[in-house]
1. Among Ile31, Ile87, which is the only one that is open to solvent by less than 50 Å² (accessible area, probe 1.4 Å) and either in contact (Cβ under 8 Å) with a residue 60 or more places away in the chain or touching a Pro at 6+ places or on another chain (Cβ under 7 Å) (or both)?
2. Could you look through the range 8-28, keep only residues that are in contact (Cβ under 8 Å) with a residue 40 or more places away in the chain and either among the aromatic types (Phe, Trp, Tyr) or closer than 11 Å to Ser82 by Cβ (or both), and pick out the one that is most open to solvent (accessible area, probe 1.4 Å)?
3. Being crowded, with 20+ Cβ neighbours inside 10 Å and closer than 23 Å to Gly33 by Cβ is the filter here; which residues of the range 44-84 pass it?
4. Is there any pair with a first residue in the range 63-79 that is basic (Lys, Arg) and a second that is modelled with pLDDT of 95 or more and not in a loop (DSSP other than H, G, I, E, B) whose Cβ atoms are under 7 Å apart and which are 6 or more apart or on different chains, and what are they?
5. Restricting to the range 1-28, and then to whatever is in a loop (DSSP other than H, G, I, E, B) and of a type in the set (Lys, Arg), can you tell me which residue is farthest from the chain's Cα centre (by Cα)?
6. Mind listing whichever residues of the range 29-85 are under 18 Å from the mean Cα position of the chain (by Cα), among the basic types (Lys, Arg) and more than 24 Å from Asn15 (Cβ to Cβ)?
Amino acid sequence: MKKEVVKGYKGFDKNLCCRGFQYEVGKTYEINGILKMCDNGFHFCKKLSNVNEFYGFSNENYRYCEVEAVGQVIDDEDSEKSVTDKIKIVREIPREEFIEMSNTGANNTGWCNSGYRNSGYRNSGDWNSGDRNSGNYNSGNYNSGYRNSGDCNSGDCNSGDCNSGDRNSGNYNSGNYNSG
């Protein structure tokens, strides 16, 4: 177990409760007894994107806060969540800010993401899945960039139908050296 200040995020119901415990922004809480994952302690996530795994992002009844673990911390095996014996609720994150924070950087899921290896729609960056992505190595339709799979992509070396550019495979492609 480590004892340090660890910044993180926590989800709550609409009343700022979690597992029957009432919280308030600005307050610090401490448990008695032995700290144990999923049994005794205050759970939180070090990465905001992991909070979505435990609280349905689409449910507008949930609230989210920045927290600080100021006691001992135990991480689960997958490092998706952590538990502490002393937690401070720093501030509530407004829903619009939460959406923006959740969808930027690398390895994000959702819509309107920026960064790399995103899933969803309208992503910028490389290796995106979904439709209307910009960048390279995207899967889906209406992507711009190179080496995309799907239909109606622009760029070179795309696979699928109705692509524009050079060296595309599939049917009805425009450009040079296309197969199909």
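1. Being open to solvent by less than 50 Å² (accessible area, probe 1.4 Å) and either in contact (Cβ under 8 Å) with a residue 60 or more places away in the chain or touching a Pro at 6+ places or on another chain (Cβ under 7 Å) (or both) holds for just one of Ile31, Ile87, which is Ile87.
2. Taking the range 8-28 as the starting set, the residues that turn out to be in contact (Cβ under 8 Å) with a residue 40 or more places away in the chain are 8-14, 16, 23-28.
Filter once more, keeping what is either among the aromatic types (Phe, Trp, Tyr) or closer than 11 Å to Ser82 by Cβ (or both): 8-10, 12, 23.
Working: Gly8: 3, Tyr9: 50, Lys10: 10, Phe12: 0, Tyr23: 10 Å².
That would be Tyr9.
3. Correct list: Phe44, Cys45, Val67, Ala69, Gly71, Val73, Lys81, Ser82, Val83, Thr84.
4. Here the result reads Arg63/Glu92, each pair linking the range 63-79 to a residue that is modelled with pLDDT of 95 or more and not in a loop (DSSP other than H, G, I, E, B).
5. Residue satisfying both the conditions and the ranking: Lys27.
6. Across the range 29-85, the qualifying residues are Lys46, Lys47.
The values are calculated or read from the model by the stated rules, or taken from the named source; none is laboratory data. The shown structure was predicted, so the numbers you read here are calculated from the model rather than taken from an experiment. Cβ atoms come from the backbone with ideal geometry, glycine included; neighbour counts cover every protein chain shown. Heads up: the accessible areas ignore ligands, DNA and RNA and are worked out on the full protein's heavy atoms, side chains in. Shrake-Rupley method; radii C 1.70, N 1.55, O 1.52, S 1.80 Å.
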